[in-house]
1. Hey, which of the strands (runs of 3 or more DSSP E) in region 3-104, taking only ones fully inside, have at least 3 residues that are under 16 Å from the mean Cα position of the chain (by Cα) and at pLDDT 95 or above?
2. Consider region 49-95. How many of its residues are touching a helix residue (DSSP H, G or I) at 6+ places or on another chain (Cβ under 7 Å) and either farther than 16 Å from Asp197 by Cβ or among the charged types (D, E, K, R) (or both)?
3. Which one of these does Gly132 not meet: (1) more than 17 Å from the chain's Cα centre (by Cα); (2) on the phi < 0 side of the Ramachandran plot?
4. Please name all residue pairs, on different chains or six or more residues apart, with Cβ atoms under 6 Å, provided the first residue is in region 31-59 and is outside the structural domain of Ala8 (by TED's automatic domain parsing) and the second residue is of a type in the set (Gly, Ala, Ser).
5. Only residues that are within 17 Å of the chain's Cα centre (by Cα), surrounded by fewer than 18 Cβ atoms within 10 Å (Cβ to Cβ) and at pLDDT 95 or above: list them for region 208-227, please.
Amino acid sequence: MKQYIVDAFTKEIFHGNQAAVCILDKWPDEKTMFNITLENNFSETAFAVKEGDKYHLRWFTPGGEIDLCGHATLATGFVVLSFYEQGSKSIIFKTLSGDLTVSKSGNLLEMEFPAYKLQKTDVTSQMEDALGCRITEAFKSRDLLLVTDDEETVRSLKPDLDKIEMLDGLLVHVTAKGKETDCVSRSFGPKLKIPEDPVCGSGHCHIIPYWAEKLGKTRLTAYQASKRGGTLYCRVEGEKIFLAGEAALFSVGELCIK
């Protein structure tokens, strides 16, 4: 079984978000896929099987299968278009979130994702205690989106992950208006056994709708201010979010699995 390791949302290895990508002829059992994910110990390992003119794509975290993942989709698109469909400019993935398209756009790979609908909720002392900072606004969807008023607050966060795990939402994203980009953010996923997701594509399906409305813009540049860091070039069209970024290949290997 061939496996690629790709750093997504960066043009340089050792930055962005790592994803392992396995392109398969047929599906292994779920236990095998989960064990591979645990062995990799990245936030996501992607598995894809070609079905007709599409690829069926599934994402696994160390905490189990997930319904949407941006960086592993970008990584899988990079692998498929670089090694398996070299004459193509785009590829369609069949996923738990419907059909997702990854297209080449210059040096970037652009993904079309659904935007999450945000429901405003009360800021609680539990949120502020878990993050260790003042929260100005809070929103619920699949994940919990928390807004603070300063970029440096986001960059210097040292959250209590045990308390983060007790909050609503599959993941927790903290964001603020950026100085050199439209927004900055960080993403935490202890429920999925991910202390911090270095660059979270699906998280920006929460973050970008908020800032697009707040700033009155449909094109935004976002920076995920984790230790590895990563840049996303985003645009909003109705209920769709387009996320674009670069990718860098770290390794190609063969898994010793019978």
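The values are calculated or read from the model by the stated rules, or taken from the named source; none is laboratory data. The structure presented is a predicted model; accordingly, all values stated were derived computationally and were not measured. As a convention, Cβ positions derive from the backbone with ideal geometry for all residues, glycine included, and neighbour counts pool all protein chains shown.
1. Hits in region 3-104: 17-24, 44-51, 54-61.
2. So the answer is 5.
3. (2)
4. As it stands, the answer is none, since no pair meets every condition given.
5. Hit for region 208-227 is Thr221, nothing else.
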